[in-house]
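The values are calculated or read from the model by the stated rules, or taken from the named source; none is laboratory data. Every value quoted in this text rests on a predicted model; they were computed, and no experiment measured them. For neighbour counting, all protein chains shown are included, and Cβ atoms are generated from backbone atoms with ideal geometry for every residue, glycine included. Just so you know, the surface numbers come from the protein's heavy atoms only, side chains and all, with ligands and any DNA or RNA stripped out. Shrake-Rupley method; radii C 1.70, N 1.55, O 1.52, S 1.80 Å.
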Amino acid sequence: MAGSVFDSQIYGDLFTSADVGRLFTDTAEARAMLLVEGALARAQGAAGVIPEDSAAAIGRAVMEVALDPGTLRKPTGQNGVPVPGLIASFRAEMNAPEHAQYVHWGATSQDIMDSALMLRLRQALALIEDDLKLALTGLAKLAQSHATLPMPARTYGQHATPTSFGAVAAAWGAPILSLVNELEKLRPACLLISLSGAAGTSGALGSTATEIRAEMAKALGLADPERSWHTDRTPLLRLMDWMVRVNLALGKLGEDCIALVQTGIGEITLGGAGASSTMPQKQNPVAPSALVALARQGTGLLSILHGSALQQHQRDGAAWFSEWLCLPQIVLGAASAARTGRDLCAGISPNAAAMEAALASGHDMIHAEALSFALARDMPRPDAQTAVKKLCHETGRSGQPLRQLVARDFPQLDIAALFDPAAQLGDAPGEALRFSAKVAELAAS
């Protein structure tokens, strides 16, 4: 098995990270670091910290030079970071020592790497957001089309009361909608430039540090934190927490889909393939299973990331290395879940006949709560609950449907309405339609 399923030739379509995967390659990282170096040089040239002609030469070179990431392997192993090797190779490729000497002026490796990471995370967020919006479109269609389609709600894995499939789809989509809406505030708060120097003081840049950092932020489209965040990893923690909550929201959808396609239930059908190697009758819930696995992986990796945020003094190499090991996997996991969820939500269909059969199973006891409230109109609620429990026990022993026992003991009740699932949906249809309307509003904004 490959070291990462996201890069695997075998498993890459099962755990596809789509275009986000290209952002977490060595080539993409080197390119992003060079872009940061170019922005740094241009800002310093404008501030008079380095010669303007040197700043212009560096700015042109970062757009023209294509470094082989393989050349950075040995120096990274020696130095613990790729930036010294990157700078050495870039200076050599510039072939203009009078200008190349000003590359990386006053910055430290972490400034370049953290800023380059933020550039890639900005693109990753946009791509994941696009897939989540398409997933929401699929769920909104289900919610609107099936707002009044009754099905059993389940608590602790058992039938509880009737709900609607539209409300179930809305419940799948609500946390996804919240995640998308969070991005408006998350981006400016967490997608930050870094320019703090070796010990977080920007000592080598002196009084120009604030001006240069602000200009770099503007040029790169990142926010200016107005401080050092070398050891305050809160911005990354918040971004990765968002990513893992993407996994969890879609993982919950996956869990429910796995349950709803089980033999004997079959209340939904899934689009796509899922063939067994030996059992031709089966269509396995492959995509939902991938979503559950990705959610489990993400929660574990986020715990490691939290641990790596506990850093010593002004810079902490070991903690930073731990971040490198798990952060890309968190991002790729969220991207994979978003793409898988997008396709899954477009293929889910309800099986109305199976839902009707499920509601009719259990000898009508799914209507016990409604019965207790109906009886409570004419007797104290505790007495009504006791009467219903007694009838349910009799139904369990005799196999006689609950509605027949109710007709026997409480003929004054409207039996047809009381045991009609469509009459017991409560606010489920409204919830489904409100969700659908919110997704439409998001699409129109």
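Tell me the residue from D232, D241 that is acidic (D, E), out of contact with any Pro (no Cβ under 6 Å at 6 or more places or on another chain) and not in a helix (DSSP H, G or I), please.
Details: D241 fails: not in a helix (DSSP H, G or I).
On inspection, the qualifying residue turns out to be D232.
Among the residues of the range 131-153, those identified as touching a Phe, Trp or Tyr at 6+ places or on another chain (Cβ under 8 Å) and part of a helix (DSSP H, G or I) are L139, A140, L142, A143.
The sole residue among S398, S336, S349 that is of a type in the set (S, T, Y) and without any contact (Cβ under 8 Å) to a residue 60 or more places away in the chain is S398. When residues in the range 260-296 are screened for being over 17 Å from D13 (Cβ atoms), touching a Ser or Thr at 6+ places or on another chain (Cβ under 6 Å) and at pLDDT 90 or above, 1 of them pass. Among the residues making up the range 314-348, those that are more than 27 Å from T201 (Cα to Cα) and among the polar types (S, T, N, Q) are Q329, S336, T340. Considering A160, A100, the condition of being surrounded by fewer than 22 Cβ atoms within 10 Å (Cβ to Cβ), among the aliphatic types (A, V, I, L, M) and in contact with a helix residue (DSSP H, G or I) (Cβ under 6 Å, 6 or more places away or on another chain) is satisfied by A100 alone.
Going through A416, A407, A384, A357 one at a time, which residue ends up being more than 30 Å from K133 (Cβ to Cβ), without any contact (Cβ under 8 Å) to a residue 24 or more places away in the chain, open to solvent by 70 Å² or more (accessible area, probe 1.4 Å) and in a helix (DSSP H, G or I)? Lay out the reasoning, then the answer.
Numbers: A407 fails: open to solvent by 70 Å² or more (accessible area, probe 1.4 Å); A384 fails: open to solvent by 70 Å² or more (accessible area, probe 1.4 Å); A357 fails: open to solvent by 70 Å² or more (accessible area, probe 1.4 Å).
Being more than 30 Å from K133 (Cβ to Cβ), without any contact (Cβ under 8 Å) to a residue 24 or more places away in the chain, open to solvent by 70 Å² or more (accessible area, probe 1.4 Å) and in a helix (DSSP H, G or I) holds for just one of A416, A407, A384, A357, which is A416.
Checking each residue in the range 209-229 for being buried (at least 17 other Cβ atoms within 10 Å of the Cβ) and assigned to a helix (DSSP H, G or I) picks out A209, I212, R213, E215, M216, A217, A219, L220. There is at least one residue in the range 188-204 that is of a type outside the set (D, E), open to solvent by 40 Å² or more (accessible area, probe 1.4 Å) and at pLDDT 95 or above.
Per-residue answers, yes or no, for (1) at pLDDT 95 or above; (2) touching a Pro at 6+ places or on another chain (Cβ under 9 Å); (3) at positive phi; (4) among the aromatic types (F, W, Y):
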| site | (1), (2), (3), (4) |
| --- | --- |
| G298 | yes, no, no, no |
| H306 | no, no, no, no |
| H313 | no, no, yes, no |
| A318 | no, no, no, no |
| I330 | yes, no, no, no |
| R342 | yes, no, no, no |
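Can you spot a residue in the range 110-117 that is open to solvent by less than 20 Å² (accessible area, probe 1.4 Å), within 31 Å of the chain's Cα centre (by Cα) and of a type in the set (S, T, N, Q)? Checked the range 110-117: at least one residue is open to solvent by less than 20 Å² (accessible area, probe 1.4 Å), within 31 Å of the chain's Cα centre (by Cα) and of a type in the set (S, T, N, Q). Scanning the range 163-177 for residues that are within 15 Å of A437 (Cβ to Cβ) and either without any contact (Cβ under 8 Å) to a residue 24 or more places away in the chain or open to solvent by 20 Å² or more (accessible area, probe 1.4 Å) (or both) gives a single hit, A174. Within the range 433-445, residues that are farther than 16 Å from L179 by Cβ and of a type outside the set (K, R) sit with their Cβ atoms under 7 Å from residues that are part of a helix (DSSP H, G or I) and open to solvent by less than 60 Å² (accessible area, probe 1.4 Å), at 6+ positions apart or across chains, in these pairs: S436/A140; S436/A143; A440/A140.
Exactly one residue out of V81, V62 is open to solvent by 10 Å² or more (accessible area, probe 1.4 Å), within 22 Å of I193 (Cβ to Cβ) and either assigned to a helix (DSSP H, G or I) or touching a residue at least 12 places away in the same chain (Cβ under 8 Å) (or both): that is V81. Taking the range 31-59 as the range and being touching a Phe, Trp or Tyr at 6+ places or on another chain (Cβ under 6 Å) and in a loop (DSSP other than H, G, I, E, B) as the test, only I50 passes.
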